[in-house]
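I have placed the structure first, in the form of structure tokens, so that the comments after it can refer back to it.
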Ligand SMILES: NC(=O)c1ccc[n+]([C@@H]2O[C@H](COP(=O)([O-])OP(=O)(O)OC[C@H]3O[C@@H](n4cnc5c(N)ncnc54)[C@H](O)[C@@H]3O)[C@@H](O)[C@H]2O)c1
């Protein structure tokens, strides 16, 4: 009897790390439910995954405050049937002043509340032995100036990962977080572009300076984060749970 197709839901799937994860899983024969708020990019990525031979369903939805995204998600999951993997990847990296309540609430809603709400719904569909991978950040373990909301959300996501792993261990479901450093995605270009504009320095120079601070002297590629997610979803990683795995080119290892 042929093995049953494995099913994955990936959030923030249209671009960057999420898209790299989708491509990696598509090449490995997974069926994909792809969620993103960027409908055009999402449709293009779903088409690409189909070209790679995968079954891919696009769900255009904006995660965040409120519950508007829950009914379409539940409907899509009902059709999709079951899940073997949930990748909570969608996130925003907005800077904020320490007293900016609106920014705090927005970042928390997308980076922390949404993974909680989404995982809660997906637990009904996740098969025993399944996987949850939360895409956090090296800022789940460190602070950064003008980033109280982002750092708190990613610290929270790592804590959530560890605690949920204990709740789901009796079902053989593993829950892990990946903690990327600088990854070459649209988010990185937006962030370093804004930094360059703020100090009046050419973007190319800011990018060069950032690369110099990384022991490997280059940004991590989205495909390298995707490889780690793929590994965590594989049978070989069945014994790994409640962990935060860093992929940062050595950025956070030195002084
Ligand atoms: N790029 C980095 O250097 C870096 C470093 C550490 C952690 N991360 C984390 O990795 C994850 C992915 O980052 P990326 O660099 O690929 O980002 P990106 O901005 O390049 O892509 C993010 C994708 O998520 C989607 N998205 C964002 N908010 C959404 C929402 N509320 N609802 C639905 N879709 C939404 C976007 O449309 C986009 O397609 C994020 O959680 C981010 O915090 C990124």
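Residues in the stretch 75-97 that are more than 20 Å from the chain's Cα centre (by Cα) and outside any loop (DSSP other than H, G, I, E, B) were compared, and the one that is surrounded by the fewest Cβ atoms within 10 Å (Cβ to Cβ) is 79. Of the residues screened, residue 44 is not one that is away from the ligand (no atom under 13 Å from the Cβ) and over 14 Å from the mean Cα position of the chain (by Cα).
Every condition in (1) within 24 Å of residue 191 (Cβ to Cβ); (2) in contact with a helix residue (DSSP H, G or I) (Cβ under 9 Å, 6 or more places away or on another chain); (3) within 9 Å of the ligand (Cβ to nearest atom) holds for residue 23 except the one numbered (3).
Take the stretch 36-60 and flag every residue that is buried (at least 20 other Cβ atoms within 10 Å of the Cβ) and touching a helix residue (DSSP H, G or I) at 6+ places or on another chain (Cβ under 7 Å). Result: 36, 45, 49, 54, 56, 58, 59.
Any idea which residue in the stretch 1-20 is nearest to the chain's Cα centre (by Cα), counting only those that are free of Cβ contacts under 8 Å to residues at least 40 places away in the same chain and more than 14 Å from the ligand (Cβ to nearest atom)? Here the answer is 4. Does residue 45 fit the bill of being in contact (Cβ under 8 Å) with a residue 12 or more places away in the chain and either not in a helix (DSSP H, G or I) or not assigned by TED's automatic domain parsing to the domain that holds residue 226 (or both)? No. Give the residues of the stretch 193-212 that are modelled with pLDDT of 95 or more and within 13 Å of the ligand (Cβ to nearest atom), sorted by residue number. Within the stretch 193-212, 207, 210, 211 qualify. Between 30, 104, the distinction of being surrounded by 15 or more Cβ atoms within 10 Å (Cβ to Cβ), more than 9 Å from the ligand (Cβ to nearest atom) and farther than 27 Å from residue 173 by Cβ belongs to 104 only. Report whether or not residue 66 is surrounded by fewer than 15 Cβ atoms within 10 Å (Cβ to Cβ), in contact with a helix residue (DSSP H, G or I) (Cβ under 9 Å, 6 or more places away or on another chain) and free of Cβ contacts under 8 Å to residues at least 12 places away in the same chain. Yes, satisfied.
The values are calculated or read from the model by the stated rules, or taken from the named source; none is laboratory data. For clarity, every value in this text was computed on a predicted model and none was experimentally measured. Positions of Cβ are generated from backbone atoms using ideal geometry, with glycine treated the same way; all protein chains shown enter the neighbour counts.
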